[in-house]
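The values are calculated or read from the model by the stated rules, or taken from the named source; none is laboratory data. Values in this document were obtained by computation on a predicted structure and should not be read as measured data. Please note: Cβ atoms are built from the backbone with ideal geometry, for glycine as well, and neighbour counts cover all protein chains shown. To get the accessible areas, we keep the full protein, side chains included, count just its heavy atoms, and leave off ligands, DNA and RNA. Shrake-Rupley method; radii C 1.70, N 1.55, O 1.52, S 1.80 Å.
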2 protein chains.
Amino acid sequence: MEAEIEFVTMGSVTSPEGFHAGATYAGIKKKAAGSMDLGILFSEVPCAAAALFTTNRIKAAPVALSKERLQGGRAVAVVVNSGCANALTGEQGLADAAEMARLTAKGTGISPEDVLVASTGVIGVPLPMERMRAAFDQIILSREGGHDLARAILTTDTMPKETAVEVGIGENKFTIGGAAKGSGMIYPDLATLLCFLTTDAAVEIDFLRLSLRKAVDVSFNMVSIDGDTSPNDMVLIMANGQAGNEVITEQSAQAGAFQQALEQVCLYLAKYVARDGEGASKLIEVTVSGAQSVAEARLAARAVVNSSLVKAAIHGNDPNWGRIIAAVGRSGAEVVESKVGLYIGEVCVVKEGKSAEFSESKVLEALSGSEVLIDVQLNLGTAAATAWGCDLSEEYVTINSQYMT
Amino acid sequence: MEAEIEFVTMGSVTSPEGFHAGATYAGIKKKAAGSMDLGILFSEVPCAAAALFTTNRIKAAPVALSKERLQGGRAVAVVVNSGCANALTGEQGLADAAEMARLTAKGTGISPEDVLVASTGVIGVPLPMERMRAAFDQIILSREGGHDLARAILTTDTMPKETAVEVGIGENKFTIGGAAKGSGMIYPDLATLLCFLTTDAAVEIDFLRLSLRKAVDVSFNMVSIDGDTSPNDMVLIMANGQAGNEVITEQSAQAGAFQQALEQVCLYLAKYVARDGEGASKLIEVTVSGAQSVAEARLAARAVVNSSLVKAAIHGNDPNWGRIIAAVGRSGAEVVESKVGLYIGEVCVVKEGKSAEFSESKVLEALSGSEVLIDVQLNLGTAAATAWGCDLSEEYVTINSQYMT
């Protein structure tokens, strides 16, 4: 069935029907103009809910709590704070996460078991619960509160990342919204990613889980490296059915449209996360084509986008293309030197494994923009993949050498 | 058999008997005071020779040539240049590498087949063979030439890295020398490591290969990540037997002493390489103990030493210990949060997975020195491993954003 997918102007997690949100400044992170660090996302009716969590052996207390509560595939609200990860905080951390859920439940009149918890920020420090308790009463939930929620989850991000799409399919219409906080990493070994997705579509829980996994695979997992995650990473989707559509399952006529729309939201947010990497001035988009398999194309694309050398060179508009090919060469993907081609922007810089004749000024131009496109052609097969990242700047180091102090 | 191992004052690759070296400036890299970029290491008699090469699918021309020539386990000389990697240079690159060997053979009166070739520097650019041909005549080999060779292999290294040890064992005496150029990487995905080891001990080729592999495993492989190598990486050992000892095999009484001495030389050079990382101001030594296996201890130690976040925090004397534990948590090693302990220098900062009571000024002191010791205790088993790295500074980015330009 043909679907129309359109981005919603000023879209947010409260664009879908039935979702309310609100946030406040509780004094968890350092105060700046307009700072918010504690927020709640709430649905008028219980939701089918699915999430992907960090694979780090060290899991933050809110991750442990949310993972357990999500086993039933249901949630009504999520409470989130920034400024403190509530990770490596032992029994006290678990108690604090549980209290965050209880305070949220009390304020919204639901069961604490229906509240999920997420945190992001400094590891190893306990939450300032005293200040937070007082702040809960200041949170006012509203249908316009999505923008505040998007601000309340930020740490070193320079701007909120949120969007929504409206899907029209036959007689039906539903909306998917999302908010994310950034991976500030050059190598995303602490991606510190949080993402909250909402939809008013009615979605069967098994399909919701499958659909989320697929969407994350082509978006957030192509910004960060699988397995290289912080103790706090969490991507959550809540579907409340308020659009009134028939429940979407894997076999539904609407399944494809839902998947496509969800991937658009995730991709938008993932690219935004990449663009807003700590100290970043450019979005880098790397496409590897002609690989022997999608798995190899993914390996190669991510190796390029995660190479500190490539990122530093792009930061300096340095046409050091050897570093790109070398990253592909060590990625684990099959590479035949004499077949490799490379484009930077529209300029072919490598042909059949050797430097092509190219205009240096044109390459400089391609490197100087706010989006740098790198296109690696392996010429061995038909598989392709795209990954996103940002350049590596002196500012990144400055930010990360003074995070706690 | 008890062996005495002593570092040689001003030791170099020509400290062992029968080795000669020399170098000159051929105009391959930018000229600075005392620059050298073309060198030869030569043995009076043929050597048993073994090497470890890059695992990158993209191999520089000199690597392809040397790998093939070393199959017989014999070499007499090696010629090396810095400033140009001769990688991704196609047929011309292979022809140029072969010509470097021929010119060396001609000057020293040996067969070109007995000459190995190594290069390091910018990828994708052909060697300036015209200038290099003229320069070969300027190279004067001498028994004191080791220091010049150590300088001729440098790229962004701030100083030469060389050493030698003398081994006394019963009536016998032999010497092992070495020179290395640095891995300038925060993540060593292009470790660009070259290392030349020499010994006047007589060593049987199979044992020489085994011994080199073992020594590299506890030294260079604990600075760089396995498989994350540049197209040019090469660690070579040449044994010429001029000490007059009985040939050392795996079963020899002298095998243990040889292994121990070789590891000392490799460790010295590897730590030097770490300390002299691009823009580095500190050596970071990470020991993980109490692991369930050595393999897991190695994984964990390297994850910490390779974390950009840990490196940036140490650069800024920021006691952000959560990043260290998080790196261990994502390393693949088994970790039980409630058992983890962490020391920075002598200060216990984490006990049983939680922040310990510690003096901030003492941690600051431990972070401020030129060597920062990190000791992670998993308390799950008895295996341990140590890895080395350097801090991540703004200068690293500056260096790597302007490498070619």
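Things to note:
- Test: residue in the stretch B:19-29 that is among the hydroxyl-bearing types (Ser, Thr, Tyr), touching a strand residue (DSSP E or B) at 6+ places or on another chain (Cβ under 9 Å) and either closer than 22 Å to B:Lys173 by Cβ or at pLDDT 95 or above (or both): yes
- Test result for B:Gln138, closer than 23 Å to B:Asp157 by Cβ and open to solvent by 30 Å² or more (accessible area, probe 1.4 Å): yes
- One residue from A:Gly341, A:Gly332, A:Gly369 being modelled with pLDDT under 95 and more than 28 Å from A:Gly279 (Cβ to Cβ): A:Gly332
- Highlighted here are the helices (runs of 4 or more DSSP H) found entirely within the stretch B:293-369 that include at least 3 residues which are touching a residue at least 60 places away in the same chain (Cβ under 8 Å): B:294-305, B:308-315.
- When B:Arg151 is tested against (1) over 19 Å from B:Gly83 (Cα atoms); (2) of a type in the set (D, E, K, R); (3) open to solvent by 40 Å² or more (accessible area, probe 1.4 Å); (4) within 25 Å of the chain's Cα centre (by Cα), only condition (1) is not met.
- Hits in the stretch B:342-354 (condition: under 33 Å from the mean Cα position of the chain (by Cα) and open to solvent by 10 Å² or more (accessible area, probe 1.4 Å)): B:Tyr343, B:Gly345, B:Glu346, B:Val347, B:Cys348
- Note on the stretch B:270-324: among residues that are of a type in the set (D, E, K, R) and touching a strand residue (DSSP E or B) at 6+ places or on another chain (Cβ under 6 Å), the one that is farthest from the other protein chains (Cβ to nearest Cβ) is B:Lys271.
- Unique match (being open to solvent by 20 Å² or more (accessible area, probe 1.4 Å), on the phi > 0 side of the Ramachandran plot and not hydroxyl-bearing (Ser, Thr, Tyr)) among B:Gly241, B:Gly279, B:Gly256: B:Gly241
- Residue count for the stretch B:156-174, restricted to those that are at pLDDT 90 or above and part of a loop (DSSP other than H, G, I, E, B): 1.
- Candidates B:Ala77, B:Ala61, B:Ala118, B:Ala97 - the one that is open to solvent by less than 50 Å² (accessible area, probe 1.4 Å), over 29 Å from A:Leu309 (Cβ atoms) and touching a Leu at 6+ places or on another chain (Cβ under 8 Å): B:Ala77
- Residue selected from the stretch A:89-119 under the condition in contact with a Pro (Cβ under 9 Å, 6 or more places away or on another chain) and more than 15 Å from A:Leu65 (Cβ to Cβ), by the criterion farthest from the other protein chains (Cβ to nearest Cβ): A:Ile110
- Which listed residue, of B:Glu357, B:Glu337, is more than 8 Å from chain A (Cβ to nearest Cβ) and open to solvent by 40 Å² or more (accessible area, probe 1.4 Å): B:Glu357
- Residue in the stretch A:147-160 that is out of contact with any helix residue (DSSP H, G or I) (no Cβ under 9 Å at 6 or more places or on another chain), basic (Lys, Arg) and under 25 Å from A:Gly277 (Cα atoms) present: yes
- Every condition in (1) open to solvent by 20 Å² or more (accessible area, probe 1.4 Å); (2) modelled with pLDDT of 95 or more holds for B:Thr55 except the one numbered (2).
- Matching option when the condition is outside any strand (DSSP E or B), closer than 30 Å to B:Ala215 by Cβ, among the hydrophobic types (A, V, I, L, M, F, W, C) and open to solvent by 10 Å² or more (accessible area, probe 1.4 Å), among B:Leu380, B:Leu392: B:Leu380
- The set of residues in the stretch A:58-102 being over 12 Å from A:Pro231 (Cα atoms), without any contact (Cβ under 8 Å) to a residue 60 or more places away in the chain and among the β-branched types (Val, Ile, Thr) consists of A:Val76, A:Val79.
- Residue within the stretch A:363-376 that is facing chain B (nearest Cβ under 9 Å), surrounded by fewer than 20 Cβ atoms within 10 Å (Cβ to Cβ) and under 30 Å from B:Ser307 (Cβ atoms) present: no
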